[in-house]
Amino acid sequence: MINVVVIGCNGKMGQAVMKVAQEDPEVTVVAGIDKCLEVKNDCIPVFSSLDKCNTKPDVIIDFSRPEALYDIIQCAKANKIPLVIATTGYSDKEYQMLEDASQEIPIFISSNMALGVNVMVDLVKKATSVLEDGFDIEIIEKHHNKKIDAPSGTALTLAKSINDVLRSSRNFVFGRDPKSNKRSSSEIGIHAVRGGTIVGEHTVLYAGRDEVLEIKHTALSREIFAAGSIEAAKYIVNKEPGLYHMENLVSEKSLVTNIYTSNTDAMITLNNIPQQPSIIAEIFNSIAERKINIDMISQTAPVDDLVDISFSMPEHQLNQAIECIGKFKDRLPKLRMDIFTEVTKLTVEGQGMERQSGVAAKMFSILAEQNIQIKIITTSETKITYIIDQIDEKPAVEAITRAFGL
């Protein structure tokens, strides 16, 4: 059970956090902090400040105001309590304060606690990488008329994410003041709307020639932010000191999301090749001339000026590859060719691999527990691919499925 103190417990967001926590068997709100003590709360004790709270929680969730940050940090550091910061509108100085404090305690901070918004950030990055030329980018955010900071922290996060993809090449323009100059292609427009009871809406608009793409997230209730903060509390409770973000949480949830297998491949290992780039290039040029589709490829570090190279290809092209390599045996007397058929190409995929360490180590352990021999491995930011024996396909898939909860 994780014991939580909610700062700003009598506000609308604080009330939403407590409602979500009541429905979560892993979390208990043990106390609240709020300057407004007139609001009666029979469920938990409420204190006017954190230093007056007589209960030490496992995590503090803050939905208050930026001016409260200093006191919150001092108390959290003194008691070594992890922090979930869901407040927005911080200055650069206050962000630096959080970064400094994260050297001593784990701090989770996000401009938006909704999981959907953080998926939106990834979608926007992908869209920007494709649409950077010939498209004007505008961000429109809408919130209720009680929200103080503008533009929202989420709008700024989206803008910074876009500019990261664009190598910081565009300027932020806030609103459209009357002026005679036309819109520049080197800007990102950011617009804030305040009115009524709008919980939160963010749209990224890509306006091109004769086409428009919109990526939009709409919050229908405050409970989505509350649920995100509870997930953040669960995530950070046992973490080491450091600054954590929603992308870390999302990454951990999506370490491995898909498993693919293929039984149509074969593999060749060339042993004792001289460490001469021209010879290696000649071998693979010979293979390419036969239109053989090389897939996975791996080379060992040189030993005594010799290397081993393994590669896979469609099994129906195996004999052609063997013929190509056979032509080099007279020139390379030490060359030995090992051929592997009846193999399975096993791929595990997850967007979280890009940001989370330890996935490869876990995969080695999973396969080792099943005594599964690995013949070759290749990786990318979001995939790890193995060649194993076909007989090991079923136990490998079953073990990976169990380990990652697929």
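The values are calculated or read from the model by the stated rules, or taken from the named source; none is laboratory data. Note that the structure is predicted; figures quoted are calculated from it, not measured. We place every Cβ from the backbone using ideal geometry, glycine too, and count neighbours over all the protein chains shown.
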Those residues that are in contact with a helix residue (DSSP H, G or I) (Cβ under 7 Å, 6 or more places away or on another chain) and part of a helix (DSSP H, G or I), I need them from the stretch 99-114; list them, please.
A101
The residue from I230, I224, I198 that alone is under 30 Å from A78 (Cβ atoms) and over 18 Å from the mean Cα position of the chain (by Cα) is I230
By residue number, the members of the stretch 257-297 that are of a type in the set (A, V, I, L, M) and in a helix (DSSP H, G or I) are I279, I280, A281, I283, I287, A288
Between V20, V39, which is at pLDDT 90 or above, among the aliphatic types (A, V, I, L, M) and closer than 20 Å to A226 by Cβ?
V20
Here are some conditions: (1) β-branched (V, I, T); (2) in contact with a Leu (Cβ under 8 Å, 6 or more places away or on another chain); (3) farther than 14 Å from V237 by Cβ. V5 meets all but one. Which one does it not meet?
(3)
Every residue from the stretch 210-239 that is surrounded by fewer than 20 Cβ atoms within 10 Å (Cβ to Cβ), part of a helix (DSSP H, G or I) and either in contact with a helix residue (DSSP H, G or I) (Cβ under 8 Å, 6 or more places away or on another chain) or without any contact (Cβ under 8 Å) to a residue 60 or more places away in the chain (or both):
E223
The correct count of residues that are in contact with a helix residue (DSSP H, G or I) (Cβ under 7 Å, 6 or more places away or on another chain) and at pLDDT 90 or above in the stretch 240-258 is 2
